[in-house]
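Report on the structure given below.
The values are calculated or read from the model by the stated rules, or taken from the named source; none is laboratory data. Source: prediction; values computed, not measured. Counting neighbours? That spans all protein chains shown, and the Cβs are built from the backbone with ideal geometry, glycine included. SASA here: full protein model, heavy atoms, side chains in, ligands and nucleic acids out. Shrake-Rupley method; radii C 1.70, N 1.55, O 1.52, S 1.80 Å.
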Amino acid sequence: MSGHAGELAAAATFLRRDAHANRELLLALRYEPIVDLHLTTQAGIVTGVLLRGAGPFNPAPNWIRLDALDQAAARGLMAVLREPHRWIFSVHRAWIADLLMAEFGLRSTGDGVLGYLVDRARLTLHADHGARLLTPRDDALVQRSRCGWSLGYFRQLFADGRRPWAIVRDGAIVCRASSGYLVDDVEEVVGVWTHPQWRGRGFG
């Protein structure tokens, strides 16, 4: 990987300024093989981070994740890439998505720019539907719910240090998910599933 320990630390510090929005980048920085790391700076202060590596849906190292303080920093990060249209991007701020499409000719998949977009200002928050943490004593609940988790997989979650959660209605799991990687104050949620008859209610 291009870069050294100092750059990795600087990138992590920059991304932690908004750990919620940058959770994917922080997870990638800690757990995934990063091929390239680029920083933009102004007066010695980091203003942007770009990571290149394998993406969650594509093992080829052509997945770009980036975050920047402003448009100048985002443009500086893009300047290191040749033929931007050949890359797959994940961005988590709407203005970066707009910039990449307007100035670099990238197309949107509908969920973001050649990747996906998380914009907290546009999220619709739902009421608490009573999700609860499952325990190994919930084997029978998982078996009768037919929620896509085999009993072996459910038990392996605990062995791997992950935490399964569920919303239960009428004695069956109608929505479930589990934790993934842990990074300081951020916990990744993976494997979200909702029973077809219970979808559209904000359970996920």
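Okay, here's what the table says:
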item	result
Tensor-based shape of the stretch 132-204 (alpha-carbon gyration tensor, a/c under 1.5 rounded, otherwise prolate or oblate)	oblate
Cα→Cβ-extended label distance, 7 Å offset, between His129 and Trp165, nm	1.2
Ala172-Gln197 pseudo-label distance in nm [points 7 Å out on the Cα-to-Cβ vector]	0.5
Cα gyration tensor, the stretch 1-45 - rounded (a/c under 1.5), prolate or oblate	oblate
Length added when fully stretched, Trp95-Ala79, from 0.36 nm per residue minus Cα-Cα	4.0 nm
Cut-off 13 Å between beta-carbons: net charge of the residues surrounding Ser145, Lys and Arg +1, Asp and Glu -1	+1
Spacing of the two label points (7 Å from each Cα toward its C-beta) at Arg146 and Leu8, in nm	4.7
Burial order of peptide ranges 34-47, 81-94, 150-163 (average beta-carbon count within 10 Å, highest first)	81-94, 34-47, 150-163
Per residue, in Å², the accessible surface of the stretch 23-106 once ligands and nucleic acids are set aside, probe 1.4 Å	46
Efficiency of FRET from Cβ geometry, Arg107 and Val189, R₀ 25 Å, rounded to 0.05	0.35
